[in-house]
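Peer 1: The structure's right below; bear with me while I get my questions together.
The values are calculated or read from the model by the stated rules, or taken from the named source; none is laboratory data. Quick caveat, the model's predicted, so the values are computed rather than measured. Glycine gets a Cβ as well: all are built from the backbone with ideal geometry, and neighbour counts include every protein chain shown. We work out accessible area using only protein heavy atoms, side chains counted, and drop any ligands, DNA or RNA first. Shrake-Rupley method; radii C 1.70, N 1.55, O 1.52, S 1.80 Å.
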Amino acid sequence: MHKLKLQGISLAVLCALAGAAAAQEGLRLKLQPTLVLLPPAQRDDALPVFLEADRLRGHAEKETEAEGAAQLRRRGQAVFADWMRYEQPTEEVSAKGNVRIEQGADVVEGTELSYNLATERGFMLAPDFTLHRAPQTPTGQKRAFETSDARGSAERMLFEGPGLYRARRASYTTCGPGDEDWYVRAGELAIDKTRDVGTARDASIVFMGTPIFYSPYLSFSLQQERKSGFLTPHYGNTSKGGAEVTVPYYWNIAPNYDATISPRVISRRGVQVATEFRYLTPSFLGEANVQFLPDDRVANGEERHAYFLRHTQNLPRGWTGRLNLNRVSDDTYFTDLSTRVAVTSQILLPNEGALWRSGNWAGGGTYGFSAFAQKWQTLQADPLAPVTPPYDRLPQLTLTALRPDLMNADFDLQAQYTGFDHVSLVTGGRLVAYPSLSVPLRTAYAWFTPKAGVNFTKYVIDPNKDGFRDSTRTLPVVSADAGLVFERTGALGGVPIIQTLEPRLYYVYIPYKDQNGIPNFDTGQQDINFATIYSENQFAGWDRINDANQITLGVSTRFISSESGSERLRAGVAQRFYFSTQQVTLPGVPVRTSSSSDLLGAVSGLLAPHWFVDAGLQYSTDFSQVQRFNAGTRYQPAPGKVVNLSYRETVNSIRQTDVSGQWPIRPGWTALGRWNYSLLDSRSLETLAGLEYNGDCWVLRVVAHRFTTATQQETTTFFVQLELNGVSRIGSNPMETLRRSIGGFVRDPRAPTPQELRGLLN
């Protein structure tokens, strides 16, 4: 029996009774005395403390010493050590030898501890620590991704209150135990779990045993939330700008306001400063971006700048407003300074404002009104491919109204006034009013919708040298849409399905009216496809209304899963037939001579497990020639495994192949690539090749990207990024390029998205 020396302690020690009972049963047990220490009388809110050890001694309501496997427990806290002393009045704990303290899910182990249970302040020598990281959404639910706990060691750790730690000569990593691939080495490391902030002073990032980055001060988010601080610099290299480095600073102004200021040093050009400001309130939201390069050495010292603003505002009485402003200093701003193909391809920058309101009629139906103004900046970035600036719309007023079941018919109104302005072309205003009535008749297996309307258009033309004058056009429009739905059960790939057969007939009649005296402000020839072949007007815009006496015949079939109701596969064909020759055309476009349109065919959906197909055909029955063909397939057996193959052809103009993919090639390694090649030009339009290595707690991406920016111009960009899980991203970020270039591309599902990494040291 262990000796238990308790001087003046009035609490019963139950372990002695338990030992006697065990002896009666002939059992030999090694029992550990347990004390229940009540809180000090002056602290009614304190919790009781449970103290266990091989040997206990002390004085009532003063101090207690514990030796041999000592354990102190209180709700939410626990201390383990070879020797321990507890001061009951002050709630001070001293411990030595194999010390371990647990606070919630946080664990710190060391050689010596001095700690106050009430204030949670104290210190530990030679600590090894594990800090729990469980990122939460604003609603308190876990995010879709998981994070590993952080761990490290130090020379000394200070406990500075609930959730507050400060470590001297410390290391910090999110790699698992035994994995030292990377860590932050800091002269001082501060962890504030209450504010989700970690800071490191005199800090180096050590990767594979080699310091790769140093900063006198680093700041990062513990649970991958937004916070202010310098972000890890981005490094890159382009063929037009040379080596470059960007050092962004993120400013978390408020929960609904933030800003990022990003100085960018471009070796050949100079220093560019970019700022991004984002805001969100119950009544308005938006973002503003400003970029400024005061002295571009490549452009003979030219000042170069850009600004972009997107703002949406909720106004009283159900009104909403929107601004979209974009401006750059010169034609080649994007092709010279951007590393993204989606940006370098921009040639038309809109500057527009809108005001709109929609609602419901008292007796049923809906209405909408919008006021819109738009001016364009046209970039002539390619001298070999000049661009004609489009018309500015100053202003455009639109009214729409829909009233169902009006005298057993549906009433629809489209009305619009647009003022067109241009520096060199004919200008003026256009007023359109198009009311119509339709009668939808539907059963479970068929539908028939006759429709009649009148298109009224009035033009007020400014004085011009081309001979255009004010004019009015009134055209009746009659159409009928009808179809049937047949169903049968069957199987596709061993899966029970319902197959439909859906023939459709669409007839349109619009009489001819001479429209050569009307200027063409914004109208073009509609591309023929399955959406436009069932439309009234073959022109996109109001300046031309085609003369029509035509019928469209089509049939489609769908394969629908009997179990889930989801559509697995769809196929269809359609063709339009003309009963009269075409008379209304666009300037410079030849008259149609055929009595039928091209034949359209399409198929899309899940062809086999993990195989997706999407193909379309436009075939000229007059010339027995394929006018347009595109086919693509995607094989994606699992997230992170995808291969895309596609081919597209337009007669005499386009013949391109496109191959892209993301595929693991060995444990931890993933290959990334895309090759878009023009067979007609015998040149690559876009090439991307990269490798990604996932080291569990870190990811390395190396990507080379080359793409065409103009007829005879190309640019090459190199991305190298090291992502340290939960702490840092070093290098240039290729994620947007990869998502745009590789259909079906996914990040490591365990990793947060770039938006969730906002505010990290990235």
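Peer 1: Would you mind telling me which numbered condition in (1) more than 22 Å from residue 687 (Cβ to Cβ); (2) under 25 Å from the mean Cα position of the chain (by Cα) residue 658 fails?
Peer 2: (1)
Peer 1: Of 67, 61, 92, which residue is modelled with pLDDT under 95, closer than 19 Å to residue 161 by Cα and among the acidic types (Asp, Glu)?
Peer 2: Numbers: 67 fails: closer than 19 Å to residue 161 by Cα; 61 fails: closer than 19 Å to residue 161 by Cα.
It is 92.
Peer 1: Taking the condition farther than 16 Å from residue 505 by Cβ, touching a residue at least 60 places away in the same chain (Cβ under 8 Å), among the basic types (Lys, Arg) and part of a strand (DSSP E or B), does residue 568 pass?
Peer 2: Spelling it out, residue 568 is indeed farther than 16 Å from residue 505 by Cβ, touching a residue at least 60 places away in the same chain (Cβ under 8 Å), among the basic types (Lys, Arg) and part of a strand (DSSP E or B).
Peer 1: Please tell me if residue 601 is over 29 Å from the mean Cα position of the chain (by Cα) and either touching a residue at least 40 places away in the same chain (Cβ under 8 Å) or not in a loop (DSSP other than H, G, I, E, B) (or both).
Peer 2: Judged against the criteria, residue 601 is a match.
Peer 1: Residues to consider are 662, 636, 627, 656; find the one that is buried (at least 16 other Cβ atoms within 10 Å of the Cβ) and within 13 Å of residue 738 (Cβ to Cβ).
Peer 2: Among 662, 636, 627, 656, only 662 is buried (at least 16 other Cβ atoms within 10 Å of the Cβ) and within 13 Å of residue 738 (Cβ to Cβ).
Peer 1: Name the residue, out of 575, 550, that is in contact (Cβ under 8 Å) with a residue 40 or more places away in the chain, outside any loop (DSSP other than H, G, I, E, B) and under 44 Å from the mean Cα position of the chain (by Cα).
Peer 2: 575
Peer 1: Now a separate question. When the residues of the range 59-97 are filtered to those that are among the hydroxyl-bearing types (Ser, Thr, Tyr) and under 13 Å from residue 115 (Cα atoms), which remaining residue is nearest to the chain's Cα centre (by Cα)?
Peer 2: The residue in question is 94.
Peer 1: Kindly indicate whether residue 670 is assigned to a strand (DSSP E or B), among the polar types (S, T, N, Q), open to solvent by less than 60 Å² (accessible area, probe 1.4 Å) and out of contact with any Pro (no Cβ under 8 Å at 6 or more places or on another chain).
Peer 2: no
Peer 1: Residues of the range 685-711 being small (Gly, Ala, Ser) and touching a residue at least 24 places away in the same chain (Cβ under 8 Å), which ones?
Peer 2: We begin by selecting, within the range 685-711, every residue small (Gly, Ala, Ser); these are 689-690, 695, 704, 710.
Hits for the range 685-711 are 690, 695, 710.
Peer 1: I would also like to ask the following. Considering only the range 420-462, state which residues are aliphatic (A, V, I, L, M) and within 16 Å of residue 473 (Cβ to Cβ). Talk me through it step by step, then tell me what you get.
Peer 2: Kept after step one, since they are aliphatic (A, V, I, L, M), are these residues of the range 420-462: 423, 425-426, 431-433, 437, 439, 441, 444, 446, 452, 454, 460-461.
Scanning the range 420-462 gives 431, 432, 433, 454, 460, 461.
Peer 1: Please enumerate the residues belonging to the range 497-516 that are of a type in the set (Val, Ile, Thr), more than 16 Å from residue 542 (Cα to Cα) and crowded, with 18+ Cβ neighbours inside 10 Å.
Peer 2: 497, 508
Peer 1: Oh, and also: Return only the number of the condition from (1) in contact with a helix residue (DSSP H, G or I) (Cβ under 9 Å, 6 or more places away or on another chain); (2) among the polar types (S, T, N, Q); (3) within 28 Å of residue 568 (Cα to Cα) that residue 618 does not satisfy.
Peer 2: The number of the failed condition is (1).
Peer 1: Being assigned to a strand (DSSP E or B), in contact (Cβ under 8 Å) with a residue 40 or more places away in the chain and not hydroxyl-bearing (Ser, Thr, Tyr) is the filter here, so list the residues in the range 491-509 that pass it.
Peer 2: The answer is 492, 495, 496, 497, 498, 499, 501, 502, 503, 504, 505, 508.
Peer 1: For the range 97-111, what are the residues that are surrounded by fewer than 17 Cβ atoms within 10 Å (Cβ to Cβ) and farther than 19 Å from residue 173 by Cβ?
Peer 2: Of everything in the range 97-111, those that are surrounded by fewer than 17 Cβ atoms within 10 Å (Cβ to Cβ) and farther than 19 Å from residue 173 by Cβ turn out to be 97, 98, 102, 104, 111.
Peer 1: Take the range 55-96 and flag every residue that is within 27 Å of residue 222 (Cβ to Cβ), open to solvent by 10 Å² or more (accessible area, probe 1.4 Å) and of a type in the set (A, V, I, L, M, F, W, C).
Peer 2: 80
Peer 1: All but one of (1) closer than 22 Å to residue 457 by Cα; (2) aliphatic (A, V, I, L, M); (3) outside any strand (DSSP E or B) hold for residue 528; which doesn't?
Peer 2: For residue 528, the exception is condition (1).
Peer 1: So, of the residues in the range 673-683 that are more than 13 Å from residue 743 (Cα to Cα) and open to solvent by 40 Å² or more (accessible area, probe 1.4 Å), which turns out to be nearest to the chain's Cα centre (by Cα)?
Peer 2: This residue is 677.
Peer 1: Return the residues of the range 501-522 that are at pLDDT below 95 and of a type in the set (Ser, Thr, Tyr); say none if nothing qualifies.
Peer 2: Across the range 501-522, there are no qualifying residues.
Peer 1: Quick one: is residue 466 of a type in the set (Asp, Glu), at negative phi and more than 40 Å from the chain's Cα centre (by Cα)?
Peer 2: Judged against the criteria, residue 466 is a match.
Peer 1: Looking at the range 702-718, which of its residues are among the hydroxyl-bearing types (Ser, Thr, Tyr), assigned to a strand (DSSP E or B) and modelled with pLDDT under 75? Outline the logic, then answer.
Peer 2: So in the range 702-718, the residues among the hydroxyl-bearing types (Ser, Thr, Tyr) come out as 708-709, 711, 715-717.
Remaining after also requiring assigned to a strand (DSSP E or B): 708-709, 715-717.
Residue satisfying the conditions is 709 alone.
Peer 1: Then there's this: Find the residue count for the range 168-217, including only residues that are under 19 Å from residue 235 (Cβ atoms), open to solvent by 10 Å² or more (accessible area, probe 1.4 Å) and not aromatic (Phe, Trp, Tyr).
Peer 2: 6
Peer 1: Quick check on the range 414-458: of everything there that is in contact with a Pro (Cβ under 6 Å, 6 or more places away or on another chain) and surrounded by fewer than 16 Cβ atoms within 10 Å (Cβ to Cβ), which residue is nearest to residue 521 (Cα to Cα)?
Peer 2: Within the range 414-458, the match that is nearest to residue 521 (Cα to Cα) is 454.
Peer 1: In addition: Considering the range 112-153 alone, what residues qualify as being open to solvent by less than 30 Å² (accessible area, probe 1.4 Å), small (Gly, Ala, Ser) and either closer than 20 Å to residue 79 by Cα or at pLDDT 95 or above (or both)?
Peer 2: Matches in the range 112-153: 122, 152.
Peer 1: Scan the range 419-461 for residues that are closer than 26 Å to residue 372 by Cα, touching a residue at least 12 places away in the same chain (Cβ under 8 Å) and outside any strand (DSSP E or B) and jot them down.
Peer 2: 422, 423, 425, 426, 427
Peer 1: Do you know which residues across the range 154-167 are over 36 Å from the mean Cα position of the chain (by Cα) and under 24 Å from residue 697 (Cα atoms)?
Peer 2: Within the range 154-167, 154, 167 meet the criteria.
Peer 1: Scan the range 477-489 and tell me whether some residue there is more than 29 Å from residue 442 (Cα to Cα), of a type in the set (A, V, I, L, M, F, W, C) and surrounded by fewer than 18 Cβ atoms within 10 Å (Cβ to Cβ).
Peer 2: Within the range 477-489, none of the residues are more than 29 Å from residue 442 (Cα to Cα), of a type in the set (A, V, I, L, M, F, W, C) and surrounded by fewer than 18 Cβ atoms within 10 Å (Cβ to Cβ).
Peer 1: Right, something else. With a cut-off of at least 2 residues that are surrounded by 15 or more Cβ atoms within 10 Å (Cβ to Cβ) and hydroxyl-bearing (Ser, Thr, Tyr), name the strands (runs of 3 or more DSSP E) lying wholly within the range 256-306.
Peer 2: The qualifying strands (runs of 3 or more DSSP E) are 257-266, 270-280.
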